[in-house]
Amino acid sequence: MTAIEIGQAELDDIYAFAVQLGKDAGKMLLDAAMSRCSAGRPEEKEHVEKMNAVDLVTQTDEDVEAFVKKSIVKKYPSHKFIGEETYSKGASKDYLVDKSPTWIVDPLDGTVNYIHLFPMFCVSIGFVVDHKPTIGVIYAPFLNQLFTACRGRGAWLNDTQQLPLMRNPVPPMPANAPSGCVLSCEWGKDRRDRPDGNMWRKVESFVNLAAERGGRGGKGGMVHGVRSLGSATLDLAYCAMGSFDIWWEGGCWEWDVAAGICILLEAGGLVTTANPPADPATAPIEEVRLGSRLYLAVRPAGPSENETGRQSQERTVREVWKRVMELDYSRPGA
């Protein structure tokens, strides 16, 4: 089955199912979080490490994924399912997505946030057909923020507000971007302390983008601010909302981004690779590859006197590429 074999009526049904599933799973997250605040509450099983001390899983992750998977398998038994927790237990890190209709789910994005009761955590449900994120549902229940999108139907906050929120008109990217932009970025789980490692390359890139304009050998970008939510899924949702201008990240897996990419693209954003090409000024800006683990996103943008919105997004991508270092998040089969 390929994308053209799913008609709009069927897609609408899948979308409605995904939205309700996201709400139900989000309620499970909220109930679990709130129970931890109650006197005499039953103890949740202590979180455990997966790859290292910042890559964690809780019983809530496991319970929510089991609920989501059971619901999907019952409703759509012919569809494939990829969930973070079931995938993480396997020995292989192969890219498993193919042309089949596939659900890609992170039951709790922002597990560290959840453990510390920092409100930036959510359930993320993506539906992918022919490698294309086609439906996205992100629900952050502590914030009461529900982000949804379906191919060709736009992107929405809480079912009522179309994204981006600022629409009269949608502002273009700043003329001197990345200056004037809010940059979203994450430290990631690769914390190896070596000068050629991903953490060091990220920090060098963050400082380049934050430093005064023209500083650091001309790489200073002087962004308005640097934000780190601790949830890649919500980083993408906030780009779709227009609250973040730029998101630059490496190391994410499919479940971290599938729903968010769908929502951002439906809102009018741009998503491409994080790694700079040999010549950032002239290299083509390719579509994002879901399994690449390397992402650069730019918020929706409107036209100015001299540029279309797309031109201002592409200009911003090239200026970011000039200031960031190449990251190494290779994986088999991508």
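The values are calculated or read from the model by the stated rules, or taken from the named source; none is laboratory data. The structure presented is a predicted model; accordingly, all values stated were derived computationally and were not measured. Every residue, glycine among them, receives a Cβ derived from its backbone with ideal geometry; neighbour counts consider all protein chains shown.
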**Asked** Can you tell me which residue in region 206-229 is nearest to the chain's Cα centre (by Cα), limited to those that are over 22 Å from Glu326 (Cβ atoms) and at pLDDT below 95?
**Response** Arg213
**Fill in**
Pairing a residue in region 213-224 that is under 13 Å from Pro178 (Cα atoms) with any residue that is surrounded by 14 or more Cβ atoms within 10 Å (Cβ to Cβ) and aliphatic (A, V, I, L, M), where Cβ atoms lie under 6 Å and the two sit 6 or more apart in sequence or on different chains, gives Arg213/Met222; Gly220/Ala211; Gly221/Leu209; Val223/Leu183; Val223/Leu209; Val223/Ala210; His224/Val182
**Request:** Scan the strands (runs of 3 or more DSSP E) fully inside region 114-173 and keep the ones with 3 or more residues being more than 17 Å from Tyr238 (Cα to Cα) and hydroxyl-bearing (Ser, Thr, Tyr).
**Result:** none
**Prompt:** Residues in region 179-197: is at least one part of a loop (DSSP other than H, G, I, E, B), of a type in the set (D, E, K, R) and either in contact with a Cys (Cβ under 6 Å, 6 or more places away or on another chain) or outside the structural domain of Trp247 (by TED's automatic domain parsing) (or both)?
**Reply:** no
**Asked** How many residues, within region 126-148, are within 21 Å of Val271 (Cα to Cα), hydrophobic (A, V, I, L, M, F, W, C) and touching a Pro at 6+ places or on another chain (Cβ under 9 Å)?
**Response** 3
**Asked** Would you call Gly260 within 10 Å of the chain's Cα centre (by Cα), assigned by TED's automatic domain parsing to the domain that holds Val298 and closer than 22 Å to Met173 by Cα?
**Response** yes
**Prompt:** Which condition number does Arg201 fail, the rest of (1) over 30 Å from Pro141 (Cα atoms); (2) modelled with pLDDT under 95 being met?
**Reply:** (2)
**Message:** I need every pair where a residue in region 287-312 that is farther than 15 Å from Leu163 by Cα has its Cβ under 8 Å from the Cβ of a residue that is among the basic types (Lys, Arg) and in a loop (DSSP other than H, G, I, E, B), sequence separation at least 6 or different chains.
**Reply:** Gly291/Arg331; Arg293/Arg331
**Asked** Counting just the residues of region 56-105 that are charged (D, E, K, R) and part of a loop (DSSP other than H, G, I, E, B), which one comes out modelled with the lowest pLDDT?
**Response** Lys89
**Fill in**
(1) surrounded by fewer than 18 Cβ atoms within 10 Å (Cβ to Cβ); (2) among the aliphatic types (A, V, I, L, M); (3) not assigned by TED's automatic domain parsing to the domain that holds Ser78 all hold for Met173 apart from (1)
**Single residue of Asp159, Asp130 found to be loosely packed, with under 14 Cβ neighbours inside 10 Å and among the acidic types (Asp, Glu)** = Asp159
